[in-house]
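Trainee: Below: one structure in structure tokens.
The values are calculated or read from the model by the stated rules, or taken from the named source; none is laboratory data. Predicted, not measured: the structure shown is a model, and the values here were computed from it. Note: ideal-geometry Cβ built from the backbone for every residue, glycine included; neighbour counts use all protein chains shown. Keep in mind that these areas ignore ligands, DNA and RNA; they rest on the heavy atoms of the full protein, side chains included. Shrake-Rupley method; radii C 1.70, N 1.55, O 1.52, S 1.80 Å.
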Amino acid sequence: MNTLPKTGAVIFTGNSHRELAQLISSRLGVALGDADVFQKSNRETMVNIADSVRGKDVFIIQTATKDVNNDIMELLVMAYACKTSSARKIIGVIPYLPYCKQSKMRKRGAIVSKLLAKMMCRAGITHLITMDLPQKEIQGFFDVPVDNLRASSFLLNYVRTSIPDYTNAVIVAKNPGTAKRAQSFAERLRLGLAVIHGVQKEAESDEVDGRHSPPPIISRTYDPSSEFEGVPGKPLSCILVILNF
């Protein structure tokens, strides 16, 4: 069924996942737009759009792969090319949002997902469609509407229909941060839940970072014999308390 706007719409894709774009266009019954995305000899990204996008809604399908930085540049250049060609709307369809896991400040690092959001908005994207953001707060980094779709229903249906003995399985959360989502899957599948708990060890450079407050306390042992000669110091006793619950 064709559900694209009646005002006219064009679907473009980068080089990240052309097979996905072809499946989406065939499902909608619309041919992909004519856009040539390539790299020059110095690896600069070049985009040539052959179809007219004036006054039309443009959908750009691009996701993150191992060559994530090149995928981002293709998306930004394509969006800006459509913006300068007077497109009515530019909708970015990004199943896996690049840098979505770098959404928190750590030491002297950067919130890269916020930086990417500002770049995408300035490039001309007016609407974003993505899936399964690790943090819902990422939507607030964008100045445009964001649709955060969920793939859990499709995954649950796949488990029920394709895994014959799934009732003997256990849902495992790799860390306490993912326990909430794992619990949601476990409840809907009526399975047990296991959580792998561990403390991430900080790097030595982080341990001596000057931003730690308060600074570590250096313990000192007081020896009474150092002040009064001839008077032996009394040894300190150690008490071990064990509580059983």
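Trainee: Specify the residue that is farthest from the chain's Cα centre (by Cα); the eligible residues are those in the range 121-131 that are touching a residue at least 24 places away in the same chain (Cβ under 8 Å) and open to solvent by 40 Å² or more (accessible area, probe 1.4 Å).
Mentor: THR126
Trainee: Considering only residues that are open to solvent by 40 Å² or more (accessible area, probe 1.4 Å), part of a loop (DSSP other than H, G, I, E, B) and in contact with a Gly (Cβ under 9 Å, 6 or more places away or on another chain), which ones fall in the range 25-54?
Mentor: ALA50, ASP51 - these are the residues of the range 25-54 that are open to solvent by 40 Å² or more (accessible area, probe 1.4 Å), part of a loop (DSSP other than H, G, I, E, B) and in contact with a Gly (Cβ under 9 Å, 6 or more places away or on another chain).
Trainee: Have a look at LYS118, LYS83, LYS114 and point out the one that is part of a helix (DSSP H, G or I), within 18 Å of the chain's Cα centre (by Cα), buried (at least 17 other Cβ atoms within 10 Å of the Cβ) and not aliphatic (A, V, I, L, M).
Mentor: Going through LYS118, LYS83, LYS114 in turn, just one is part of a helix (DSSP H, G or I), within 18 Å of the chain's Cα centre (by Cα), buried (at least 17 other Cβ atoms within 10 Å of the Cβ) and not aliphatic (A, V, I, L, M): LYS114.
Trainee: When you go through LYS174, LYS180 one by one, which is the residue that is loosely packed, with under 10 Cβ neighbours inside 10 Å, within 21 Å of the chain's Cα centre (by Cα), under 30 Å from ILE129 (Cα atoms) and at pLDDT below 90?
Mentor: LYS180
Trainee: What are the residues in the range 121-151 that are assigned to a loop (DSSP other than H, G, I, E, B) and under 27 Å from LYS180 (Cα atoms), if any?
Mentor: ASP132, LEU133, PRO134, GLN135, PHE142, PRO145, ARG150, ALA151, listed by residue number.
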